[in-house]
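Trainee: Following this message is one structure expressed as structure tokens.
Every number in this text was worked out from the coordinates using simple rules, so none of it is lab data. Note that the structure is a prediction, hence the values are computed from the model and not measured. Neighbour counts run over all protein chains shown; Cβ positions are idealised from the backbone, glycine included.
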Amino acid sequence: MTASAAQPIVVGVDGSAESLDAVRWAARAARRRGAPLEIVYALDFSALLAGGVVPPPEEMKDVLRVRGHRYLRTAAELASAQGVPDAATRLDPDRAAQALVDASGAAALLVAGSSGKGRLTGLLAGSVASAVSAHARCDTVIVRGDTWDEAEQAKQPILAGIDGGEASGRVLATALDEAAARHAPLVVLHAWADDPPPHEAGHPEHHESVAGAGHRLLTDRLAGHDTGDVEIDRVVVRTHPRRELIERSGAAQLVVLGDRGRGGFPGLLLGSTGQALLHNAACPVYLVRTS
């Protein structure tokens, strides 16, 4: 793998089933990479401010600390069961999203569950996942789906979404690394039309020429990488990228794509395709930091 062994994989936990799924996924990734694992629980003391300004009593903080240590112990035991017996654990006084974003600055990979408890904050489920995906300073994985760790899923492919932009090289490199480490096939997908113009329906030669250009694009992008023994299937389709990736995620063990598409605005922190996959994919989503 490309990650340095000195950089940890960081995973957030809040006691929810989704966050414990994230711990299992992160521990397995750490084992494959030979990387350290750090488990973070956010105390979120700011949510307890009376009137938004008066700090909570120390007794209340102590209750949260005890709960946090309990969640961290459970998570560490779970990581040990996945083959990572020496995971580091840490309580952070900040909000969950901010704690994880801060930790991402020194991380090789940030992992979070698709939704969490939300505790006293009233946040919508999945808001932490959306926030860390948009603001993390390293690659991010959001663990989604109920079958990703079943034995038969190990035979499913890694699915990489390629739009032809400059970031495609990083997306391909990451997807190839993941496929090689898992001894899994790789499906490289290029959806070449977000909104197919209706007048093209009577011109099949145009469809063929654009589809041919898509295949050449994938061939050119792959030519710059050592594909090793990875079995690669190149797929070019005329459809909405979001719809195609979501549909194919049901038969994949991981979807890999860039955090922004080539059409993204400079100030856009997470592309529309990434947003759609975070909420609808049937398997974990790996967002490669390209911005």
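Trainee: Using a simple spin-label model with points 7 Å from Cα along the Cα→Cβ vector, what separation in nm is obtained for GLN7 and SER291?
Mentor: For GLN7 paired with SER291, the spin-label model returns 1.9 nm.
Trainee: Using θ = phi - 60° and the Karplus relation 6.51 cos²θ - 1.76 cosθ + 1.60, list the HN-Hα couplings for segment 275-291 in order, rounded to whole Hz, with x at every Gly or Pro.
Mentor: 4, 5, 5, 4, 9, 10, 5, 9, 8, x, 10, 9, 9, 7, 6, 10, 8
Trainee: Another question, if that's okay. Mind ranking 279-289, 71-81 by how tightly packed they are, going by the mean number of other C-beta atoms within 10 angstrom, highest first? Intermediate values should be presented prior to the final figure.
Mentor: Values: 279-289: 22.1, 71-81: 18.2.
The most tightly packed comes first, giving 279-289, 71-81.
Trainee: Multiply the residue separation of VAL237 and SER80 by 0.36 nm, subtract the distance between their alpha-carbon atoms, and state the gained length in nm to one decimal.
Mentor: Working: separation 157, 0.36 × 157 = 56.52 nm, distance 4.22 nm.
Stretched out fully, the VAL237 to SER80 stretch lengthens by 52.3 nm.
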